[in-house]
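To start, the structure itself, in structure tokens.
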């Protein structure tokens, strides 16, 4: 997974803040902007720089400093809607749901058609038990012809549709994400592996899981757990034991390994 590049996004998928492989939140980051010596006097430029710094600290797992940077950003320019969107992400990670809702609503009021604001608010809804309601915001993000990463909104829509129990919708969204992705769409592949596992199509599930594992370093606990259960269903004891060994070695305190110890394979 990329951390930052000239036109990259702050993803919600990073260890230590959220569970690995969740919904993908977004924020544009231009690291060259932080070094502009002539950017201080302009309030909007100052707001942008501190919002980007807040996003950096957030991804690094320091939400307290991120909130300080975002407070400075909004003090410089209270109309800078991206700062509200990023602060919503930070507050969501801290389980400050009411404050997060206020921030996302403020961002949406200012920029109702901004694709990343819609994507982030959709993620918020999905993470707070409103999976079906979230889909409309991901689809709204996709309406923008300037949206550079539509595969992420499709992945999010597929992930949330899956959580809502809509397997057909989830599968369709995730396949569209694969068609549009420029970075391998590891999350979309993993989610498709889960869907096919749930459908009982184990061979198809193995294909997508194998592809996603090739793109992960290290493999996540939930991916290893899926592989373990998949091979168990197929009666492949050696492969099952291999996944179990990795799960034990890498994630001995994970919820997945605890389920393995209890024998809860479904």
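A Förster radius of 30 Å combined with the Cβ-Cβ distance from residue 133 to residue 199 puts the calculated FRET efficiency at roughly 0.75.
Working ranking of peptides 109-121, 125-137, 226-238, 153-165 by packing, defined as the average number of other Cβ atoms within 10 Å per residue, highest first, is 153-165, 109-121, 125-137, 226-238. Treating each Cα of the stretch 103-176 as one equal point scatterer and applying the Debye formula with no solvent, the log10 of I(q)/I(0) at q = 0.22, 0.26, 0.27 Å⁻¹ comes out as -0.87, -1.13, -1.19. Length available on full extension from residue 248 to residue 234: 0.36 nm per residue minus the Cα-Cα distance, which gives 2.9 nm.
Taken together, the values in this text are just the output of simple stated rules run on the coordinates, not laboratory data. Keep in mind it's a predicted model, so treat the numbers as computed, not measured. For neighbour counting, all protein chains shown are included, and Cβ atoms are generated from backbone atoms with ideal geometry for every residue, glycine included.
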